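Quick notes on the structure that follows.
Every read-out reported here was derived from the displayed coordinates using simple, explicitly stated rules and does not represent laboratory data. The model shown is predicted, which means the values in this text are computed figures rather than measured ones. Cβ sites come from the backbone with ideal geometry, for glycine too, and all protein chains shown count toward neighbours.
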Amino acid sequence: MSRHGIVRCAATLALAAAPGLFTQATWGADVVADAAPPPVEDAATAARFTRSTAAYSVPQVGLVREDGKAVGLADELADARPVALNFIYTTCNGICPLLSQTFTQLQTKLGARRDKVHLVSISIDPEEDTPERLTEYAKRFHAGPEWHHYTGTAAASLIVQRAFGVYRGDKMSHTPVTLLRTAPGQPWVRLDGFASADDLVRELREQIAAQ
């Protein structure tokens, strides 16, 4: 896959966590060890993503889950679990499969505690991505019950993309973005580029420890 193809698809990932979620006592030594800081690597690896913070307000826009249930996005992100959110579309052959695979790996790393993290994927091609298509896509990436996929109207998708600062004009022009939030009301951590599952676990652990 060419670099040009990689950068012409978009995603956003958001995570919200409660204090103590990634402590060794709560998760066990294996997950904490996975989140340990990596050794210094070469510049190409270090440049996989850049980190910044931002204040985003989750819009109370109506979406439809892959199970056909109509929901409000703000309500979906306000439960007691950490919340992970990204933007994908099912016919994407660029970065969307890579980002979804990262979710798959994150589920594995969370192990028995995976049900305490709510993963959310929102389609940026809702006219094509029906709940049925999202269900098939979710099965392709072995999504567990904690990982939901959402569609809706084109207008609703646009509102959400703009709320998180990822809208670039059309689905082929987005760039990969990962947004992390440790708890409602906290600033969002924005990772522009490709963060791995290890990066996400480590970022959560460090942000929770800093609160």
Rough spin-label spacing in nm, given labels placed 7 Å along Cα→Cβ, for residue 69 and residue 104: 2.5 nm
Surface/4 estimate of mean projected area, convex hull on alpha-carbon atoms of region 67-211, nm²: 8.2 nm²
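Let me know the volume per residue of the alpha-carbon convex hull for region 47-109, in Å³.
148 Å³
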